Amino acid sequence: MIIVMEENATEEQIARVIEKLMHLGFDVHRSTGITRTVLGAVGQKIVDARELELLPGVAEVLRVTTPYKLVSRSFRQEDLEIRLGDVVIGGREIVLMAGPCAVESREQVLEIADAVKRAGAKILRGGAFKPRTSPYSFQGLGEEGLRYLREAADRYGLLVVSEVMEIAQIPLMSEYVDVLQVGARNMQHFNLLKELGRQPKPVLLKRGPAATIEETLLAAEYIVSGGNPNVMLCERGIRTFETSLRYTLDISAIPVFKKLTYLPVIADPSHGTGRRDKVPPMARAAVAAGADGLLIEVHHRPEEALCDGPQALLPEQLYELVGQLRQIAAAVGRTL
């Protein structure tokens, strides 16, 4: 249930409505927009809307029919802007997040961080803990990799995003990274999502390879309902009957997400295709479709990469792509 307060509602009136909702057994989440305050009431109890509509300061009471309440456009009309220092995710500027699939060495990360910074990236991506299908594949450097990421990011003025795989890793990773990523395999690791809702770092939530749009939004709901409003969704490709690519990057999901939710939407054309030559066209399509950011894998020697080398762009390919993306961004009223 959504309670929309009047534009001139006082803090005292808002507090009274919150108190009433809590008395009725609801969990209350507040969203303050440009002109109005909106209260999201989450609970199972059926309440006569008139009980709330007659309270001073209440403009209207809406029943939300979607199973996700707090990430719905009904709860918040304005797009969410996640601010990390000078970087704004979800604003007019499309944010580039780039780096290696996995951290392999200090020298590797420093060289790639320099390259992606010169390309215009704001966030350095890289995996320190790698969930791999095969137990014999490279599993990442762990905390050592996190130290290398942080050093490289600090040297070149970048932020860090890296994947957290389990609850026990959250405190450690929070020391090193600015954005915690939930990988596609963990999109429905509900205990992890709940715990991420209890900590303050922004979360980048990847859509699972077989997840519907509604299931993805419900996964985001777990985090937001836990108290952390700073969630961004990532479209990274889904499994279909097509076998010519690693996954099918669902470009159409981007405008659908933008209609259903206020959360920023990021596109990952690297995992979405699995092929270096397909990353640029899918990145261009994602920007045209309304993506708020791109997550792109880059490696200076992809033929030697320990993880997903075939989908990593060379630095010079990234530079060329960014030039193209800036033209597309300008055409749709954005910057990059």
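The values are calculated or read from the model by the stated rules, or taken from the named source; none is laboratory data. Not measured: the values here are computed from a predicted model. As a convention, Cβ positions derive from the backbone with ideal geometry for all residues, glycine included, and neighbour counts pool all protein chains shown.
How many residues are within 16 Å of THR212 (Cβ to Cβ) and touching a residue at least 24 places away in the same chain (Cβ under 8 Å) when one looks only at segment 229-248? Even if it seems obvious, please write down each step before you answer.
First, the residues of segment 229-248 that are within 16 Å of THR212 (Cβ to Cβ): 233-240, 247-248.
Keeping just the survivors that are touching a residue at least 24 places away in the same chain (Cβ under 8 Å) gives 233-239, 247-248.
Counting residues in segment 229-248 that are within 16 Å of THR212 (Cβ to Cβ) and touching a residue at least 24 places away in the same chain (Cβ under 8 Å) gives 9.
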Pairs returned, first residue in segment 128-151 that is assigned by TED's automatic domain parsing to the domain that holds ALA168, second residue that is of a type in the set (S, T, N, Q) and assigned to a helix (DSSP H, G or I), beta-carbon separation under 8 angstrom, 6 or more apart or interchain, are PHE129/GLN169; PRO131/ASN186
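I'd like to know if segment 51-64 contains one or more residues that are within 15 Å of GLU221 (Cα to Cα) and either crowded, with 17+ Cβ neighbours inside 10 Å or out of contact with any helix residue (DSSP H, G or I) (no Cβ under 8 Å at 6 or more places or on another chain) (or both).
Filtering segment 51-64 for residues within 15 Å of GLU221 (Cα to Cα) gives 64.
Within this subset, residues satisfying the condition of being either crowded, with 17+ Cβ neighbours inside 10 Å or out of contact with any helix residue (DSSP H, G or I) (no Cβ under 8 Å at 6 or more places or on another chain) (or both) are 64.
Yes, segment 51-64 has at least one match.
Restrict the check to segment 156-171 and report whether at least one residue is over 22 Å from the mean Cα position of the chain (by Cα) and either crowded, with 24+ Cβ neighbours inside 10 Å or at pLDDT 95 or above (or both).
Our first condition is that a residue be over 22 Å from the mean Cα position of the chain (by Cα); within segment 156-171, this holds for 156.
If we keep only those that are either crowded, with 24+ Cβ neighbours inside 10 Å or at pLDDT 95 or above (or both) too, we end up with 156.
The answer is yes; a qualifying residue exists.
On the given criteria, is LEU110 at pLDDT 95 or above, in the same structural domain as ARG326 (by TED's automatic domain parsing) and within 24 Å of ILE266 (Cα to Cα)? Can you show your working first?
On the way: at pLDDT 95 or above: yes; in the same structural domain as ARG326 (by TED's automatic domain parsing): yes; within 24 Å of ILE266 (Cα to Cα): no.
It is false that LEU110 is at pLDDT 95 or above, in the same structural domain as ARG326 (by TED's automatic domain parsing) and within 24 Å of ILE266 (Cα to Cα).
Per-residue answers, yes or no, for (1) outside the structural domain of PHE129 (by TED's automatic domain parsing); (2) among the aliphatic types (A, V, I, L, M); (3) assigned to a strand (DSSP E or B):
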{"position": "GLN181", "(1), (2), (3)": "no, no, yes"}
{"position": "GLU195", "(1), (2), (3)": "no, no, no"}
{"position": "ARG198", "(1), (2), (3)": "no, no, no"}
{"position": "LEU204", "(1), (2), (3)": "no, yes, yes"}
Name the single residue that is farthest from GLN317 (Cα to Cα) among those in segment 120-140 being surrounded by 22 or more Cβ atoms within 10 Å (Cβ to Cβ) and touching a helix residue (DSSP H, G or I) at 6+ places or on another chain (Cβ under 8 Å).
PHE129
Here is a list of conditions, (1) surrounded by fewer than 13 Cβ atoms within 10 Å (Cβ to Cβ); (2) out of contact with any helix residue (DSSP H, G or I) (no Cβ under 7 Å at 6 or more places or on another chain), and PRO67 meets all of them except one; can you say which number that is?
(2)
So which strands (runs of 3 or more DSSP E) are wholly in segment 1-79 and hold at least 1 residues that are over 28 Å from VAL256 (Cβ atoms)?
2-5, 27-32, 58-62
Among (1) more than 23 Å from the chain's Cα centre (by Cα); (2) of a type in the set (Asp, Glu); (3) under 21 Å from PRO229 (Cα atoms); (4) at pLDDT 90 or above, the one test that GLU81 misses:
(1)
Identify the residue in segment 303-324 that is under 23 Å from ALA288 (Cα atoms) and not hydrophobic (A, V, I, L, M, F, W, C) and, among all such residues, is surrounded by the most Cβ atoms within 10 Å (Cβ to Cβ).
GLN311
Among residues of segment 80-115, those that are crowded, with 16+ Cβ neighbours inside 10 Å and part of a loop (DSSP other than H, G, I, E, B), counted
8
Go through segment 25-45 and report how many residues are touching a helix residue (DSSP H, G or I) at 6+ places or on another chain (Cβ under 8 Å), free of Cβ contacts under 8 Å to residues at least 60 places away in the same chain and over 16 Å from PRO56 (Cβ atoms).
3
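Given the structure, is SER174 of a type in the set (Ser, Thr, Tyr), buried (at least 23 other Cβ atoms within 10 Å of the Cβ) and assigned by TED's automatic domain parsing to the domain that holds THR273? If you could, list the steps in order and put the result at the bottom.
Working: of a type in the set (Ser, Thr, Tyr): yes; buried (at least 23 other Cβ atoms within 10 Å of the Cβ): no; assigned by TED's automatic domain parsing to the domain that holds THR273: yes.
Considered against the rule, which asks whether it is of a type in the set (Ser, Thr, Tyr), buried (at least 23 other Cβ atoms within 10 Å of the Cβ) and assigned by TED's automatic domain parsing to the domain that holds THR273, SER174 comes out as no.
Here's the yes/no breakdown for (1) over 19 Å from VAL95 (Cβ atoms); (2) under 22 Å from the mean Cα position of the chain (by Cα); (3) touching a residue at least 40 places away in the same chain (Cβ under 8 Å):
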{"site": "PRO281", "(1), (2), (3)": "yes, yes, no"}
{"site": "GLY293", "(1), (2), (3)": "no, yes, yes"}
{"site": "PRO302", "(1), (2), (3)": "yes, no, no"}
{"site": "GLN311", "(1), (2), (3)": "yes, yes, yes"}
{"site": "GLU316", "(1), (2), (3)": "yes, no, no"}
{"site": "ALA330", "(1), (2), (3)": "no, no, no"}
Can you tell me how many residues within segment 183-192 are buried (at least 17 other Cβ atoms within 10 Å of the Cβ), more than 14 Å from the chain's Cα centre (by Cα) and assigned to a helix (DSSP H, G or I)?
1
Looking at ARG125, ARG76, ARG118 in this structure, which one is in contact (Cβ under 8 Å) with a residue 24 or more places away in the chain, closer than 30 Å to ALA330 by Cβ and outside the structural domain of LEU204 (by TED's automatic domain parsing)?
ARG76
